[in-house]
1. Using the basic label-point model (7 angstrom from Cα toward the beta carbon), what is the residue 72 to residue 185 distance in nanometres?
2. Assuming R0 = 22 Å, what is the FRET efficiency of residue 35 and residue 174, from their Cβ-Cβ distance, to the nearest 0.05?
3. Mark the label point 7 Å from the Cα of residue 59 along Cα→Cβ and return the residues of the stretch 117-136 whose backbone N is within less than 18 Å of it.
4. What is the fewest-to-most order of 31, 181, 110 by other Cβ atoms lying within 10 Å of their Cβ?
5. What is the percent of Cα-Cα separations in the stretch 38-186 that go past 27 Å?
6. As a test of the definition: which semi-axes, in Å, follow for the stretch 146-190 when you take the square root of five times each eigenvalue of its alpha carbon gyration tensor? Largest first, please.
7. Filter the trypsin sites (Lys or Arg not before Pro) in the stretch 137-183 down to the DSSP loop ones having no more than 12 other Cβ atoms within 10 Å, then list what survives.
8. Write down, largest first, the equivalent ellipsoid semi-axes of the stretch 72-146 in whole Å, where each equals the square root of 5 times an eigenvalue of the alpha-carbon gyration tensor.
Amino acid sequence: MRHTLIMTDFKTEQSSASQGRSLPFLKRKSIALPDSKAHLIFWSILLVGLGLDLWSKKAVFKFLGQRETFPVIDGFLQLVRALNDGAAWGMFSGKSYFLTAISLVALLVIFAVFLFGQSRQRSVHVALGLFAAGICGNLYDRIFNDGLVRDFIDVVYWPGKHWPAFNVADSLLCIGVGLLIISTFSTGKSPRKRAQQRK
């Protein structure tokens, strides 16, 4: 009887010890979801950016009417009516279904990174919001405009040389990329600064 009690106490201590070891492991594996401020930043930028892109496309195309171009700054900037059935620089032209699928996958990846990436940097939240807005803007055109994305900004970067026409959604994507690069470099420098301060 005594032997049985000793064995029972040993098993109880062993199980409690294993639970004590497993609890920190579970805490380390828990996923920290974005806080309310991160949600406010991300969804506000997405909605405002998407609204601005769709409004600007409609307004400029209505303003141009039957005109193909309208000069804003002579020799540098003009508004144009351009319908792009491909991606940047005309890549994958005519493959609207493929580009739509790629856009949907990219959008899901952005949502996943925002929700489960555990980033605490506000600049990353802003960049992800810009990405989502830019993708949604062009995705709307691909789905509801016969696969044709409306571009209207034409920049002359050299006499006789035109940058491919783009829109607000494209601009948001480029700004998002730049901001993400800056955030990456700033994140890499911060641990070094902390190490130097400790020394």
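1. Placing both labels 7 Å along Cα→Cβ, they lie 2.7 nm apart.
2. 0.20
3. Those under the cut-off are 134.
4. Details: 31 8, 181 11, 110 23.
In increasing order of surrounding Cβ atoms, one gets 31, 181, 110.
5. Tail of the P(r) past 27 Å holds 27 percent of the pairs.
6. 29, 16, 6
7. Loop-located and lightly packed - none at all.
8. Numbers: eigenvalues 152, 75, 17 Å².
Those come to 28, 19, 9 Å.
Each value in this text was obtained by applying a stated rule to the coordinates, not by laboratory testing. The structure displayed is predicted, hence computed values, not measured ones. For neighbour counting, all protein chains shown are included, and Cβ atoms are generated from backbone atoms with ideal geometry for every residue, glycine included.
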